[in-house]
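*Asks:* Please find one structure pasted underneath; my questions will follow.
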Amino acid sequence: MDPIDRRSFLKSLTAATGAAFLCIPAARAAQPKARVVVVGGGFGGASVAKYLRLLDAGIEVTLVERATRYTSCPLSNEVISHSRDIQSLQTGYERLARRGVRIVHGEVVGVDPAGKKVSLADGKSLDYDALVVSPGVDFNYGAVAGLTPEISETRLPHAWKAGAQTLLLRKQLAAMPDGGRFIIAVPKGPFRCPPGPYERAAQVAMYCKHHGKKKAKVLILDANDSFSKRPLFEQAWKELYGYGPNGMIEWVAGASGGAVEEVDADAMTCRTTFDEFKADVLNVIPPHHAGKIAKTAGLVNSGVWCAVRPDNMESTAHKDIYVIGDACAGGDLASNNPFPKSAHMANSQAKVVAASLVAKLNGLPPPVPVYTNTCYSVVAHDWGFSVVHLYRVEGNTWVYVKEGSGISPVTIGSGKDAKPVSRLHRKIEAQYAAGWLDNLMTDAFG
Amino acid sequence: MRHTILSLALALLSAPTLAALDIEPLARTCNGCHGVGGVSVAAPIPSIGGLPKAYLKRVMKQWKYGERTSITMDRIVKGFSDDQIDALAEYFARQPWVPTPQPAAEAVLAKGKAAAGDTCRDCHGLTGNDPDVDAPLLNGQWAQYLELELMKYRSNEFKMPHRKMKKAARDMKPDDVSAAARYYGAQGK
């Protein structure tokens, strides 16, 4: 093939509909050109399964996921504040199945990188030519004395995986008396959804303000010294709910003793380096690490995360295994701009893996990878803002593209000429947030 | 001999060059917010697949060079080269326009049709499917998005450089803005 032919072949291959490949006769389709197994059916796993099938229907894709329904973490803070039904964040895997993805509801308990095989809890196993691991995060409960998985499930919910704990926290907020104290304990980063705890504080404050709890306090005890979208959050907190010792929302940095080291579920207290705090609702988010199967498979090789290659997200520990989503460590580490652990980032990584695998399996030149993230936070029904990230790959390292990244404006203009951003701007962004979630869910699961 | 070396050199050069210009991986990143093929399923976010190339190019470059205010896109496009913007515009213009007709009350549709006939028809066509070469299609575009966009045109807080559009949007009565958005949102092919 000369380069022009390769080019036109690649174009037909990557046509949005994948129509060229849907024409493959059934007899040939019965013998797949490759078998790809995807572990984990969150935003990352669902997106990679879908895009593999879109780009080349000759690839057999099997998605292994424990649950039959998925609940989106993005915008689940709106469930806690009674602004949104949890059903609006849920989806099944039927649409992926209709695209020809084989859905296996089970649990992967072992990976054999040499034999290219994964084993399932029910004793079955699956052979693969390529394996994509998208396990999300698990929690290190032991890092907080007095905390156990059982206590999180029943009394001190972290609600950091949307589902039953989200609903428990919603109930606890509704039952909190006026003048009550809602504590959010934020673990040392990196953690899933960097702006999440601060959006949650705003959503809780919004609920209190409009539901007869104007004397409530939302106290953020933070193991870190700063946070995502900070100037935007602080501006909104101040304007909407009051911020600081006399406001509804208060934030204690790690350097000021914000790191929670111990909890007492009976006394409803938590202890930091310097102080003890009593709470009416205690929302303790434990530190994270890569989902358990990543460790079992020997993929954890960068602290508690999985290092991957910048050009295609392949594990640096094992060949033909790709790690995407919250479990991976990637991005421009040199300039202190790692990949944020977000749904949109996982979706973007999934597209890079799908395109790279399809090119490789068809003997085509590797595509040029690009990674993007757009992440909205909603601090009131009519007030939202966002951050965008853009990464390119140069010389086999990630480069954070500053010009194509950044947060919503804090002010219009700067210095003496700075003017406030209009409420219309914030209102439009709150509406975009809802639209972003619907399109992202459809891009991954639809 | 010289000829052979030249074609060999060209072949070597063209492979990576062509790869670098392959816009589809970048275009695919747009799907996260705008839908596969630029067909949005969410009312606040516009469908972009099938919009005129000239329109897509112009707005993206206006955002990039600070001539037009956006909410999110003006930050995103600043990371793209002009060539990438042109290629993205071409890519999305090549996709089919898929209207999403949204139901609206009869009275709203009648009011919206009258407003559209008075104000919008000249550039966008009465049903929104016959626009000027550089104006966007409106038939079956999301009404909520259209209304938000019209609010930007009517506000002094946003830099919206299209003078004719700005004047048209500001001359409309507030009720007519919403009705016209719903009317166009209700149109099919």
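*Asks:* If Lys and Arg each add +1 and Asp and Glu each add -1, what is the summed charge of the other residues whose beta carbon sits under 9 Å from the beta carbon of A:Ser386?
*Replies:* In short, +1.
*Asks:* Using only the Cα atoms of region A:175-290, build the gyration tensor, take square roots of its eigenvalues as a ≥ b ≥ c, and label the shape rounded, prolate or oblate: rounded if a/c is under 1.5, else prolate if a/b is larger than b/c, else oblate.
*Replies:* Since a/c reaches 1.5 but b/c is at least a/b, the shape of region A:175-290 is classed as oblate.
*Asks:* Using a Förster distance of 25 angstrom, determine the FRET efficiency expected from the C-beta separation of A:Ser335 and A:Val410, and round it to 0.05.
*Replies:* With R0 = 25 Å, the Cβ-Cβ based efficiency is 0.70.
*Asks:* If you count, for each residue, the other Cβ atoms within 10 Å and average over each peptide, how do A:359-371, B:93-105 line up from highest to lowest?
*Replies:* The peptides rank, most packed first, as A:359-371, B:93-105.
*Asks:* Per residue of A:432-438, how many C-beta atoms from partner chains lie within 10 Å of its own C-beta, taken as a mean?
*Replies:* 6
*Asks:* Using Cα atoms only, what is the angle between the long axis of helix A:196-210 and the major principal axis of chain A, expressed in degrees (0 to 90) to the nearest 10?
*Replies:* The two axes meet at around 50 degrees.
*Asks:* Once the cut-off is 25 Å, how many percent of the Cα-Cα pairs in region A:320-446 end up in the long-distance tail?
*Replies:* 37
*Asks:* Let me confirm one metric for peptide A:192-203, namely the mean number of other chain beta-carbon atoms within 10 Å of its residues' beta-carbons.
*Replies:* The mean count of partner-chain Cβ atoms within 10 Å per residue comes to 0.
*Asks:* Search the structure for amide H atoms under 5 Å from the amide H of A:Asn224, placed 1.01 Å from N in the peptide plane, and list their residues when 5 or more places away or on another chain.
*Replies:* HN-HN under 5 Å from A:Asn224: A:Gly254.
*Asks:* Something else now. Which values, in whole Å and largest first, are the semi-axes of the equivalent ellipsoid of region B:22-94 obtained as the square root of 5 times each eigenvalue of the Cα gyration tensor?
*Replies:* Computed over region B:22-94, the values are 17, 15, 11 Å.
*Asks:* First measure r as the distance between the Cβ atoms of A:Lys117 and A:Lys188, then evaluate 1/(1 + (r/R0)^6) with R0 = 22 Å and state the FRET efficiency to the nearest 0.05.
*Replies:* 0.05
*Asks:* Mind checking the angle between helix A:43-55 and chain A's longest principal axis? C-alpha axes, 0 to 90 degrees, to the nearest 10.
*Replies:* It works out to around 30 degrees.
*Asks:* Shifting gears a bit: If you place +1 on the Cβ of every Lys and Arg and -1 on the Cβ of every Asp and Glu, how big does the dipole about the Cα centre of chain A come out, in debye to the nearest 20?
*Replies:* 880
*Asks:* Could you sort out which of B:Lys159/B:Lys189; A:Lys161/A:Lys209; A:Lys341/A:Lys419; A:Lys214/A:Lys278; B:Lys57/B:Lys152; B:Lys78/B:Lys189 sit more than 30 Å apart by Cα distance in this structure?
*Replies:* B:Lys159/B:Lys189; A:Lys341/A:Lys419; B:Lys78/B:Lys189
*Asks:* A further question follows. Measuring from label point to label point, each 7 Å out along Cα→Cβ, what is the B:Ala107 to A:Lys295 span in nm?
*Replies:* In this crude label model, B:Ala107 to A:Lys295 measures out at 6.3 nm.
*Asks:* Straight-line reach only, C-alpha to C-alpha below 19 angstrom: list the aspartates and glutamates that A:Lys213 could link to, leaving out same-chain residues fewer than 8 apart.
*Replies:* The qualifying aspartates and glutamates are A:Glu78, A:Asp178, A:Glu199, A:Glu239, A:Glu250, A:Asp280.
*Asks:* While we're on this one: Please determine, in degrees from 0 to 90 and to the nearest 10, the orientation of helix A:3-13 with respect to the longest principal axis defined by the Cα atoms of chain A, where the helix direction is its Cα long axis.
*Replies:* 60
*Asks:* Of the listed peptides A:307-314, B:164-171, A:253-260, what is their order by residue-averaged count of other C-beta atoms within 10 Å, with the highest listed first?
*Replies:* The packing order, highest mean first, is A:307-314, A:253-260, B:164-171.
*Asks:* How far apart, in nanometres, would the label points at A:Ala164 and A:Lys124 be if each is projected 7 angstrom from Cα along the Cα-to-Cβ direction?
*Replies:* 2.5
*Asks:* Please give the FRET efficiency for B:Asp122 paired with A:Ala67, using the beta carbon to beta carbon distance and R0 = 41 Å, rounded to the nearest 0.05.
*Replies:* It comes to 0.15.
*Asks:* Considering chain B as a Gaussian network with a 10 Å cut-off on Cα pairs, which listed residue, B:Asp122, B:Asp176, B:Asp130, attains the greatest mean-square fluctuation?
*Replies:* Checking each option, the largest mean-square fluctuation is seen for B:Asp122.
*Asks:* Could I ask something else about it? For each of B:Val133, A:Val387, A:Val252, A:Val48, count neighbouring Cβ atoms within 10 Å of the residue's Cβ, then give the residues from fewest to most.
*Replies:* In increasing order of surrounding Cβ atoms, one gets B:Val133, A:Val252, A:Val387, A:Val48.
*Asks:* Okay, moving on. Would you calculate the convex hull of the Cα atoms in region A:40-194 and tell me its volume per residue in Å³?
*Replies:* Hull volume normalised by residue count: 153 Å³.
*Asks:* Which semi-axis lengths, in whole Å and largest first, follow from the square roots of five times the eigenvalues of the Cα gyration tensor of the protein assembly as shown?
*Replies:* They are 38, 36, 22 Å, listed largest first.
*Asks:* Now for a separate question. On average, how many beta carbons from a partner chain sit within 10 Å of the beta carbon of a residue in B:37-47?
*Replies:* Neighbouring Cβ atoms belonging to other protein chains average 5 per residue here.
*Asks:* I would also like to ask the following. How do A:395-402, A:214-221 rank on mean C-beta neighbours within 10 Å, highest first?
*Replies:* For the peptides A:395-402, A:214-221, the packing ranking is A:214-221, A:395-402.
Taken together, the values in this text are just the output of simple stated rules run on the coordinates, not laboratory data. As the structure is a computational prediction, the values presented were derived from the model and not from experiment. Methodologically, a virtual Cβ is constructed for each residue, glycine included, from the backbone with ideal geometry; neighbour enumeration extends over all protein chains shown.
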